[in-house]
Amino acid sequence: MSTDTAPRVSAVDLEDAPVASKALPADRATPTVQRPASPPAPREVDQATSERSDKWLVPLLVLVVGMFMSVLDTSIVNVAISAIQTDFGGSTADVAWISTAYSLVLGVVVPASAWLGDRLGMSRVYVVSLAAFAVSSALCGLAWNLDSLIAFRVVQAIPGGLLPALCLTMVYRLVPPAKIGAAMGIYGLGIIVAPAIGPALGGYLVEYVSWRLVFYINIPVGILGVVAAVIWLPKFAQAQTRRFDFAGFLTIATALVCLLLAFSEGPSWGWTGYRVLGLIALGALSLAAFVVIELEVEYPLLNLRVFRNRLYSTSLIAMSVMMTGLFATLFYIPLFLQEGLGYPALTAGLLVLPQALVMGVCMPIAGRLYDKIGPRYLAFFGLLIAAAGTFLLTGISPDMTRSELVWWMCVRALGTGLAMMPIMTGGLSSLPGFLTTSGSAINTVSQRVSAALGLAALTAVVTNQQGGLMSARSALVPAGSMPPGEVMAVYRQTQLDVLAASYSNVFLVTGILTLIAAVLCLGLRSGGNPHAGGPGAAMME
């Protein structure tokens, strides 16, 4: 049949119609479909689709800015906690709510990002979130007491929770499937490098300027990001209007708040106390109710059918293990250097910085290799290297040299940089286009929650071990036959040895989990980028 008489099929028809759902009559077999040469202006989707082929790099860099700013804030603020406590007073438990409140709200907001992006348009929500994050950061810097700072951190967490999931979804809707590996290698810099440079940057600002600069630094970055997004970010059309899943949002929000709060406060409240056990029970029940609701409701908040995809589920487990290991390193190493060895915050941050440089070099390389060989072997060998580096960190002690510590962390960073983006990309690329938004949101939730819960669980192990080891080793000190000054010196050395031993066990557990994740990654796809399927089939709204 001549293409001149072939029926015209619109972009909307192609988007909404299931693939090969009906056979065409014999006299209309396999018509040639041509897109209009000049897409109609109202259809933003067509314009964005035409730009996907070769104009994705600049919009991708715009998204990296938003992702980088959101993730950086999770680590840079931790360095300022001590200085904030000095200015505002309050107990250690009270000051900890600066981070705890942010994490709780962050986890609650992420599931709603999928609906907001589809309902209002991805680009629009991204720009508003970026501007709101800058404004709320300014409010945090202007805080006049601890209560006001915690309140402003809650406000800041709302756009901070929306940005990561929005950015990840838009990457998959901007970039052609053939280039997704290289693009994710660039995009991943915001996920991994930002928390790694946070301690060094925060340490410098706190030590030489003011802790308020930790928040003010987001203002110029946010303004530049908004301007760049307005100029270079394509306009994504709004999806078909659907009802907001209030029941699903309420249950998942309750589950995340209860579980995150229980694991965050477990060490101080007591793991067997009624508050912690009650929160865990309520969180588990709410999570079960959420699953039931999402499988039955017509318009789910998050489409849990993504878990039927084995590749996606495998990547999610591996990513959760990697995020736990990454944040354990970024938390315990600076803590040991500052509390154990007495290093200032800036020095501790600078010692952590080289691993960020290693990851920053490896991730774009891993992205290009992904397009050629697929995720399986990059993820497997990357996690093996990361596990080796983690096992090296079990040698942490008061006698280690700085060069040894930096070397161990760089080995781990090499493996993490090679594995992380192939794992995430391999999972998300295996999903059909209409599940990309839910897959991105679930991926972001799992990263945040696994890092928080994993760190809390490891901290509980550290606390319990330190108590037992300290009691056992203190009993061996012959205090009665030693001068008081010498007793204090021995006691201090014993404390330091116990601290190192407990952290060593943390890295042992993390290394074993990383090995298990490496084995799981053998189930990921191998071979070059197929250039078809996955989110590429329905990138744009």
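The values are calculated or read from the model by the stated rules, or taken from the named source; none is laboratory data. In this text, all values refer to a predicted model and were calculated from it rather than measured experimentally. FYI the Cβ positions are ideal-geometry reconstructions off the backbone, even for glycines, and counts take in every protein chain you see.
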Tell me whether region 124-147 contains one or more residues that are in contact with a Leu (Cβ under 7 Å, 6 or more places away or on another chain) and either without any contact (Cβ under 8 Å) to a residue 12 or more places away in the chain or in a loop (DSSP other than H, G, I, E, B) (or both). yes
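Looking only at residues in region 123-147 that are among the aromatic types (Phe, Trp, Tyr) and within 17 Å of VAL109 (Cα to Cα), which one is surrounded by the fewest Cβ atoms within 10 Å (Cβ to Cβ)?
TYR126
Among the residues that make up region 379-400, is at least one of them free of Cβ contacts under 8 Å to residues at least 24 places away in the same chain and part of a helix (DSSP H, G or I)?
Within region 379-400, the subset free of Cβ contacts under 8 Å to residues at least 24 places away in the same chain is 392, 399-400.
If we keep only those that are part of a helix (DSSP H, G or I) as well, we get 392.
Looking through region 379-400, at least one residue is free of Cβ contacts under 8 Å to residues at least 24 places away in the same chain and part of a helix (DSSP H, G or I).
Of these, SER91, SER113, SER99, which one is modelled with pLDDT under 95, crowded, with 24+ Cβ neighbours inside 10 Å and of a type outside the set (A, V, I, L, M, F, W, C)? First the steps, then the outcome.
Details: SER91 fails: crowded, with 24+ Cβ neighbours inside 10 Å; SER99 fails: crowded, with 24+ Cβ neighbours inside 10 Å.
When all the criteria are applied, what remains is SER113.
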Among all residue pairs at least 6 apart or on different chains, which show Cβ distances below 6 Å where the first residue, located in region 82-96, is free of Cβ contacts under 8 Å to residues at least 12 places away in the same chain and the second is assigned to a helix (DSSP H, G or I)? GLN85/VAL95
Kindly establish whether SER210 is closer than 23 Å to CYS140 by Cβ and not in a helix (DSSP H, G or I). yes
So, in region 260-290, exactly how many residues are surrounded by fewer than 16 Cβ atoms within 10 Å (Cβ to Cβ) and at pLDDT 90 or above? 8
Top-ranked residue of region 182-217 - restricted to ones that are surrounded by fewer than 22 Cβ atoms within 10 Å (Cβ to Cβ) and hydroxyl-bearing (Ser, Thr, Tyr), ranked as modelled with the highest pLDDT: TYR216
Per the list (1) under 20 Å from the mean Cα position of the chain (by Cα); (2) under 30 Å from PRO432 (Cα atoms); (3) of a type outside the set (Gly, Ala, Ser), residue check on ASP118 breaks on (1)
Restricting region 316-335 to residues that are among the β-branched types (Val, Ile, Thr), surrounded by 22 or more Cβ atoms within 10 Å (Cβ to Cβ) and farther than 15 Å from CYS410 by Cα, the residue that is modelled with the highest pLDDT: VAL321
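Any idea which of GLN338, GLN355 is surrounded by 19 or more Cβ atoms within 10 Å (Cβ to Cβ), out of contact with any strand residue (DSSP E or B) (no Cβ under 7 Å at 6 or more places or on another chain), touching a residue at least 24 places away in the same chain (Cβ under 8 Å) and part of a helix (DSSP H, G or I)? Walk me through how you get there before you give the answer.
Values: GLN338 fails: touching a residue at least 24 places away in the same chain (Cβ under 8 Å).
Exactly one residue qualifies, and that residue is GLN355.
Could you please let me know if LEU279 is touching a helix residue (DSSP H, G or I) at 6+ places or on another chain (Cβ under 9 Å), within 17 Å of ALA452 (Cα to Cα) and free of Cβ contacts under 8 Å to residues at least 24 places away in the same chain? Write out each step before concluding.
Values: touching a helix residue (DSSP H, G or I) at 6+ places or on another chain (Cβ under 9 Å): yes; within 17 Å of ALA452 (Cα to Cα): yes; free of Cβ contacts under 8 Å to residues at least 24 places away in the same chain: yes.
The answer is yes for LEU279.
Here's the yes/no breakdown for (1) charged (D, E, K, R); (2) part of a helix (DSSP H, G or I); (3) at pLDDT 85 or above; (4) within 25 Å of ARG308 (Cα to Cα):
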{"residue": "GLY439", "(1), (2), (3), (4)": "no, yes, yes, yes"}
{"residue": "ALA452", "(1), (2), (3), (4)": "no, yes, no, no"}
{"residue": "THR459", "(1), (2), (3), (4)": "no, yes, no, no"}
{"residue": "THR463", "(1), (2), (3), (4)": "no, yes, no, no"}
{"residue": "LEU469", "(1), (2), (3), (4)": "no, yes, no, no"}
{"residue": "VAL477", "(1), (2), (3), (4)": "no, no, no, no"}
{"residue": "GLU486", "(1), (2), (3), (4)": "yes, yes, no, no"}
{"residue": "GLN493", "(1), (2), (3), (4)": "no, yes, no, no"}
{"residue": "ILE512", "(1), (2), (3), (4)": "no, yes, yes, no"}
Determine which single condition PRO375 fails, assuming it passes every other condition in (1) at pLDDT 90 or above; (2) out of contact with any Lys or Arg (no Cβ under 9 Å at 6 or more places or on another chain). (2)
State the number of residues belonging to region 292-309 that are surrounded by 16 or more Cβ atoms within 10 Å (Cβ to Cβ) and among the β-branched types (Val, Ile, Thr). 2
May I ask you to list the residues in region 218-228 that are of a type in the set (A, V, I, L, M, F, W, C) and crowded, with 21+ Cβ neighbours inside 10 Å? VAL226
